[in-house]
1. Which residue, of 397, 340, 347, is assigned to a helix (DSSP H, G or I) and over 20 Å from residue 296 (Cα atoms)?
2. Quick one: would you say residue 334 is under 16 Å from residue 56 (Cα atoms) and in the same structural domain as residue 62 (by TED's automatic domain parsing)?
3. Which condition does residue 48 not pass, out of (1) part of a loop (DSSP other than H, G, I, E, B); (2) within 24 Å of residue 149 (Cβ to Cβ); (3) away from the ligand (no atom under 14 Å from the Cβ), if it passes all the others?
4. Can you confirm whether the stretch 74-81 contains a residue that is under 19 Å from residue 53 (Cα atoms) and in a loop (DSSP other than H, G, I, E, B)?
5. For the list (1) under 21 Å from the mean Cα position of the chain (by Cα); (2) modelled with pLDDT of 95 or more; (3) outside any strand (DSSP E or B), I need the number of the one condition that residue 359 fails.
6. Of all residues in the stretch 108-124, count the ones that are part of a helix (DSSP H, G or I), in contact with a helix residue (DSSP H, G or I) (Cβ under 8 Å, 6 or more places away or on another chain) and under 26 Å from residue 267 (Cα atoms).
7. Specify which of the listed residues (98, 68) is over 19 Å from the mean Cα position of the chain (by Cα) and either within 16 Å of the ligand (Cβ to nearest atom) or farther than 30 Å from residue 349 by Cβ (or both).
8. Quick one: residue 274 ticks every box in (1) out of contact with any strand residue (DSSP E or B) (no Cβ under 9 Å at 6 or more places or on another chain); (2) modelled with pLDDT under 95 bar one, so which box is it?
Ligand SMILES: C[S@@+](CC[C@H](N)C(=O)[O-])C[C@H]1O[C@@H](n2cnc3c(N)ncnc32)[C@H](O)[C@@H]1O
């Protein structure tokens, strides 16, 4: 593999904000598209026949879009109700760009004439936007709702709208996904101008993509990669993915601003039913009701190959919990997370061809300072599902601020390569 992308940069999405298509929506959880491109090129350099790539945790679609750019077929799944809409819209890059610009232009012009309403928004939204900004964003939203149809142009214009919500907020939302209405930033972004700029960027990028390839060959499903899904049996040559880490990051909360703005949820409590219940159990909010079942969960046959180790870690975490003020159920989170991962490997075995290759970008974790050897356990679970070998390639050291000041465990991020 060439080394143009610095190793420690390949797991970050930030650089994608200067790349065509990937810059349409900032998803901090994504990885670096140029690294994905290099990897696909390297793995396909001696191959002439059909080659299919799969990302079981599609997110904002970095792998699918890169496969499209290079002309390869790809599959992806992600059940997140908001981010799946984002990726579905991004995959419409092969739409007629003039029709898209006409449609989006009409939405913009009608919005400028429209009276926006701001009273009915929840507190969170009122804290995130000064009234005049909210007024214009509401006008854009209402015009989009009035014109709603099933056309590609509408879906692309919706994406342009949701992608400016964070840039137009005075709350500290743009750099990171959590919403911090208490931190204010100076607002440089006028909604109508920002929307127009976004449309122009999308137009340029659609032209660019259409000069690389005529049509999208990606198939995306709003489905769960822990279960048998629509990806066909034995169809995949290469998996490139990054699962949620076992580090308490809440992918439901990460899109709370957008979901609240769109009126799809009203309050934080709605996230469980609307989003979280469909996702991998990688945060404690997800699993609090299962606390008493933790040690039953790890008895599942699918975790047999790591039973002794996971039992020990969960026991330590349960013990720590007793004298921590937050009383977080990290032991339950770790138990359910690895049971979910075991299911993912089982379905990957179903969809992958013999001698396929899988690359998981992963990070390990140490909740309450208790080290969890994520790469090792994932590798063992892959072998238990029928893959032949695994190795871990570290890309960088990292630190996570668990609520434990004495935690000094070195943490790492890297790539788990699985073959078979
Ligand atoms: C680290 S992000 C992947 C980001 C992606 N690599 C990109 O470039 O945008 C993990 C993704 O896994 C998704 N996810 C969580 N549970 C899932 C499940 N059960 N099946 C499929 N995807 C899931 C989340 O919604 C999130 O988008």
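1. Result of the check over 397, 340, 347: 347.
2. Here the answer is no, as residue 334 does not meet what is asked.
3. The failed condition is (2).
4. To start, the set of residues in the stretch 74-81 that are under 19 Å from residue 53 (Cα atoms) comprises 74-79.
If we keep only those that are in a loop (DSSP other than H, G, I, E, B) as well, we get 78-79.
Yes, the conditions are met somewhere in the stretch 74-81.
5. (3) is the only condition that residue 359 fails.
6. Just the residues of the stretch 108-124 that are part of a helix (DSSP H, G or I), to begin with: 108-113, 123-124.
Checking the rest, the ones that are also in contact with a helix residue (DSSP H, G or I) (Cβ under 8 Å, 6 or more places away or on another chain) come to 108, 110-112, 124.
Among the residues that remain, those that are also under 26 Å from residue 267 (Cα atoms) are: 124.
Residues that pass the stated criteria total 1.
7. 98
8. Just one mismatch for residue 274, condition (2).
The values are calculated or read from the model by the stated rules, or taken from the named source; none is laboratory data. On a predicted model such as this, the values are computed, not experimentally measured, just so you know. Note that each Cβ is placed from the backbone with ideal geometry, even for glycine, and that neighbours are counted across all protein chains shown.
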